[in-house]
Amino acid sequence: MLEQILNSKSLPLLEKMAAFAERRQDVLAGNIANIDTPGYKMRDLPVNDFQQALREAVQLKDRLSEPAAQSSLGMPITLANNQSVETQLESLFPRNLFQAQEAAPQNLTFQDDNNRSMESQVMQMTKNSLMQQFAVQVMMAQLNQLMTVISERP
């Protein structure tokens, strides 16, 4: 039963979101650290691909949470290749989503062949930090609810 609660609809996705944000924060900090390195190209994680994977994971969880997980024809919904839900979720978030790639070129490239933009990097770090804080706060709220249920406090 505890495993069912911990693998609820949102907790695994929030975990992926927090891990992605943590990894992206490291990459963005590396960009700032190398801002004056000649020839350094800014890097980033594939944010759009990660967001698409989140959407697909939510759709998968929604389909499976339908009453008796049945299709419109009354047939049980089967997962691709008879995989478990956890395996399918893992396949939606491959390792390459967490690996840095060269960022899309900025409008301005400097004489030292660096495509730096301190303002852009700080803005991205701020947005990323807010995303991570959101994920962690929602996870904490869910875990606090679980602790309340376990301790049977009103």
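Values quoted throughout were computed directly from the atomic coordinates according to the rules given, and no laboratory measurement underlies them. On a predicted model such as this, the values are computed, not experimentally measured, just so you know. Counting neighbours? That spans all protein chains shown, and the Cβs are built from the backbone with ideal geometry, glycine included.
Between beta-carbons, use under 14 Å as the cut-off and find the net charge around Asn128, counting Lys and Arg +1, Asp and Glu -1.
Values: positive: Arg23, Arg24, Arg43, Lys127; negative: Glu22, Asp26, Asp44.
Net local charge, Asn128 excluded: +1.
What FRET efficiency, computed as 1/(1 + (r/R0)^6) with R0 = 35 Å and r the Cβ-Cβ distance, is obtained for Val136 and Thr37, rounded to the nearest 0.05?
Step by step, r from the Cβ atoms, then E = 0.65.
If R₀ is 35 angstrom, what is the calculated FRET efficiency for the pair Arg95 and Ile150, using the beta carbon separation as r and rounding to 0.05? Each step should come with its number before you reach the end.
Details: r = 34 Å, r/R0 = 0.98.
Result of the calculation: an efficiency of 0.55.
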